[in-house]
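A quick write-up on the structure given underneath.
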Amino acid sequence: MKKMVIVFCCLVLSLMAAQAFAGKGGGKTVCTTIQDGVITYSAGHYLFPQLIPTGYDPYGYNYQAHMFSGSYANVYLGGGGFPPYNGDTQAYLNALTPAQQTYLLDPTKGWYWPYRDIQLTMKWNDAWISNTDCDGDGKLDRHYGYIGYIGSGAWETNHMSDAYNDNGKECHWVDFVKIVAAPADATKSGGIWYTASGAEIGPDIWGEFATIQEVYNDPCGGYNGIFYGSPAGPGFGKY
């Protein structure tokens with residue numbers, strides 16, 4: 001199996017597409033929680049205007065617990081107005097309208113569809129996507145108190161797995177990635193983020209983030225163990 005860089009490089013976009021909106025009133029800055037029972041999926045989402053549950057939704061998102069677990073395609077399908085993928089490709093496509101099928105099978109639009117059999121688990125902290133709205137904008141907070149993600153301390157992990165056939169042999173691969181928001185005093189040069197003291201944090205991803213660790217195992221492809229480790233350290237909390 002080839003290196004799955006394209007797979008994990010777009011995960012944040014999935015979360016952005018799946019944002020939820022909350023009702024606010026009185027002009028006061030009061031944190032609204034999912035438990036308050038007023039936060040719904042955003043307009044355009046397949047589940048709109050349903051309330052976001054405190055547990056897992058049909059796609060695999062658990063906004064309360066800061067987790068996602070399910071098909072890679074389900075990261076994007078809901079926000080695009082599609083029902084959750086259930087593992088049966090033909091049955092799923094047959095249930096769509098012709099226009100939806102055309103969209104999903106267009107590699108420039110439904111680019112994530114070919115990865116539908118990849119199992120993905122994502123975890124993130126409150127700075128990445130909160131389970132509350134405290135800034136009064138009607139959305140689950142991101143990098144609360146900061147203009148952008150840089151310096152916010154946000155982090156995310158992506159854990160992917162799948163199997164493929166290699167000349168009749170069933171092969172399994174697993175990819176685990178840690179991503180952090182770049183520190184406020186970090187600098188970027190040649191596509192790499194560096195600390196203020198010049199230590200390499202990791203490769204740039206999405207402009208405001210760095211990959212600090214990747215563990216990739218694919219015995220059939222000859223990959224085993226650490227694919228990348230940040231010289232500045234792979235641990236969370238220091239950035």
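The values are calculated or read from the model by the stated rules, or taken from the named source; none is laboratory data. Not measured: the values here are computed from a predicted model. Note that we place each Cβ from the backbone using ideal geometry, even for glycine, and neighbour counts take in every protein chain shown. Surface areas here come from the heavy atoms of the whole protein model, side chains and all, with no ligands, DNA or RNA. Shrake-Rupley method; radii C 1.70, N 1.55, O 1.52, S 1.80 Å.
Quick notes on this structure:
- Among the residues of region 164-186, those identified as open to solvent by 80 Å² or more (accessible area, probe 1.4 Å) and either under 23 Å from the mean Cα position of the chain (by Cα) or not basic (Lys, Arg) (or both) are 165, 167, 170, 172, 184, 185.
- Among residues of region 93-107, those that are part of a loop (DSSP other than H, G, I, E, B) and either among the aliphatic types (A, V, I, L, M) or within 17 Å of the chain's Cα centre (by Cα) (or both), counted: 2
- Of the criteria (1) in a loop (DSSP other than H, G, I, E, B); (2) within 22 Å of residue 129 (Cβ to Cβ), which one residue 196 fails: (2)
- Close pairs (6 angstrom Cβ cut-off, 6 or more residues apart or separate chains): closer than 30 Å to residue 170 by Cα in region 200-218, in a strand (DSSP E or B) and among the charged types (D, E, K, R) anywhere: 213/178; 216/175
- Matching residues, region 208-239, being assigned to a loop (DSSP other than H, G, I, E, B) and either closer than 16 Å to residue 153 by Cβ or touching a Phe, Trp or Tyr at 6+ places or on another chain (Cβ under 9 Å) (or both): 208, 224, 225, 230, 232, 233, 234, 235, 236, 237, 238, 239
- Any chance residue 143 is closer than 17 Å to residue 66 by Cα and either buried (at least 19 other Cβ atoms within 10 Å of the Cβ) or free of Cβ contacts under 8 Å to residues at least 24 places away in the same chain (or both): yes
- Meets criteria (farther than 30 Å from residue 54 by Cβ and open to solvent by less than 80 Å² (accessible area, probe 1.4 Å)) for residue 161: no
- Complete set of residues in region 66-90 that are under 18 Å from residue 163 (Cα atoms), open to solvent by 30 Å² or more (accessible area, probe 1.4 Å) and in contact with an Asp or Glu (Cβ under 9 Å, 6 or more places away or on another chain): 87, 89
- In region 88-141, the residues that are farther than 23 Å from residue 158 by Cβ and in contact with a Pro (Cβ under 9 Å, 6 or more places away or on another chain): 92, 95, 96
- Only a single criterion out of (1) within 21 Å of residue 114 (Cβ to Cβ); (2) open to solvent by less than 10 Å² (accessible area, probe 1.4 Å); (3) not acidic (Asp, Glu) is not satisfied by residue 209, namely (1).
- When 197, 152 are screened for being farther than 17 Å from residue 118 by Cβ, of a type in the set (S, T, N, Q) and surrounded by 14 or more Cβ atoms within 10 Å (Cβ to Cβ), only 152 passes.
- Among the residues making up region 219-231, those that are among the small types (Gly, Ala, Ser), in contact (Cβ under 8 Å) with a residue 12 or more places away in the chain and surrounded by fewer than 18 Cβ atoms within 10 Å (Cβ to Cβ) are 221, 229.
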